[in-house]
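Here the structure comes first, spelled out in structure tokens, and everything after it is commentary.
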Amino acid sequence: MPKKDRIILFFTLLQLILLYVFGYTPYPDSEGYRFLAHESLEVESIYPVAELINLYPFLWNIGAVDLVELSLWLTGSITPLLVVYALMKGATAWLFHAVSHRLFGERVAMIALIVYVCYPANYGEATSALSELPFVFFVFLALYAALVRHWLFTAGIILAVANWIRPMGLVVLIPLMGWVCFSVVRSERLKTSLKALYSYLRQPLTILGGYLLMIFVFGSINMARTGLFLYQAKSGWMALADYSTDHSPASLQIRDDFSLNVAQKDSAWQSLFFDWLKDHPMEYIQDMPTKLANTYASDNVNMCAFIFDKAEKVYMYDEVSMGSLISAFPRFSRVQWLTVVNLLIYYILLLGAIASLFYFRRKSVLPVSIVALGTLLLLFVGHGEARFHIPFMPFIIMMAAMYTGQKIWKG
């Protein structure tokens, strides 16, 4: 068995062992998915339920809820889904290596894989039903299909599945289409004829075609049941209005208005935000550095998986929060020591990724573009939370590994 496969197998087995030892992690979002899944099963429908479309305060990640519901429907338990997620995590490591190899070559790919496997935050993620793990799996499956296997239409379909689980598919779709187009232009040299234009656009449009087809399938299925073309979560405008307008009473009023369905509530929050923005443009811009800091200042969230009494804690994040770490220094608990080690590695990875920007090469365009576009999306139409950078971590590791392989460890 090749070395990389032995590493990945060991990594996957550890995911399963940690799931067995530490059990389910009750993150608020994961608990929310379980509640919605049980609620849907009670009326023998899939999420979102047509009869409840006006009672939902907002539309959450559809795919994440549906996967939980499927596990509950088939087995009566969420545990089988967590086992699948543990296997997905191992498969993601394999896909991560394959995509890194395609972009940077074997040496950088092995460095990236070793870092990915050694990074503490990549363990315990399968102990909850959060959307990041399956989203990242399908993202790398799509990248593998497009970059390694050249199954462009299939890659678009898979990216739409990732978007169904967590609505950030465009963050990967747009850079991937640009990368494919650029690769065609580079291989054929720039020409100005219509035939050349078609050859440049054919491959990225093939990816887009697969993506749009799957969006149409998801939307049509939900439209037939609910009357609304729903293919992804509708929570962004709500979160933006809440955080930007300081939880205004008007925003809470929209949430509790049962005469509106989830699409109408989403439009109402959008209007509320833009009405606020007209009078507070500078406040909106000045809040962006805070969003950036909240997104990238720490990487402690996944450490909650290693807290033994997590189910009894009123505020599970407290022990691994930055405030608690500062207060407890230097008398850390075991989980806090692990969190500190994880933070040190995280900051080194961020520095390595930033350093890679100064050693810019064509092959680094794709991971840089995904991280940059995703960050901009969070700054302009999102709010800052440490969890939000988790889908970008594999690409940050890629960038750091690229710099390490080219500038530090050349042997």
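The values are calculated or read from the model by the stated rules, or taken from the named source; none is laboratory data. Being a predicted model, the structure only gives us computed values, none of them experimental. So basically every Cβ, Gly included, is an ideal-geometry build from the backbone, and we count neighbours across all protein chains shown.
Numbers for the structure displayed
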{"item": "Residues satisfying the stated conditions in the range 230-266, i.e. surrounded by fewer than 16 Cβ atoms within 10 Å (Cβ to Cβ) and either in contact (Cβ under 8 Å) with a residue 24 or more places away in the chain or more than 23 Å from GLY382 (Cβ to Cβ) (or both)", "result": "SER248, ASP256, ASP257, PHE258, SER259"}
{"item": "Matching entry among ALA121, ALA126, ALA142, ALA112 (being in contact with a Lys or Arg (Cβ under 6 Å, 6 or more places away or on another chain) and either in a helix (DSSP H, G or I) or among the hydroxyl-bearing types (Ser, Thr, Tyr) (or both))", "result": "ALA126"}
{"item": "Only one of ASN163, ASN222 that is assigned to a helix (DSSP H, G or I) and either out of contact with any helix residue (DSSP H, G or I) (no Cβ under 7 Å at 6 or more places or on another chain) or surrounded by fewer than 16 Cβ atoms within 10 Å (Cβ to Cβ) (or both)", "result": "ASN222"}
{"item": "Enumeration of residues in the range 298-346 that are out of contact with any helix residue (DSSP H, G or I) (no Cβ under 6 Å at 6 or more places or on another chain), closer than 20 Å to PRO26 by Cα and part of a loop (DSSP other than H, G, I, E, B)", "result": "PHE308, ASP309, LYS313, VAL314, TYR315, SER321"}
{"item": "Qualifying residue in the range 369-385 (condition: under 24 Å from LYS291 (Cα atoms), crowded, with 18+ Cβ neighbours inside 10 Å, without any contact (Cβ under 8 Å) to a residue 40 or more places away in the chain and hydrophobic (A, V, I, L, M, F, W, C))", "result": "yes"}
{"item": "Those residues of the range 145-155 which are outside any helix (DSSP H, G or I) and touching a helix residue (DSSP H, G or I) at 6+ places or on another chain (Cβ under 7 Å), in sequence order", "result": "TRP151"}
{"item": "Residue in the range 278-292 that is farthest from ASP242 (Cα to Cα), counting only those that are surrounded by 14 or more Cβ atoms within 10 Å (Cβ to Cβ) and among the aliphatic types (A, V, I, L, M)", "result": "LEU292"}
{"item": "Options LYS265, LYS291; residue that is at pLDDT 90 or above and touching a His at 6+ places or on another chain (Cβ under 7 Å)", "result": "LYS291"}
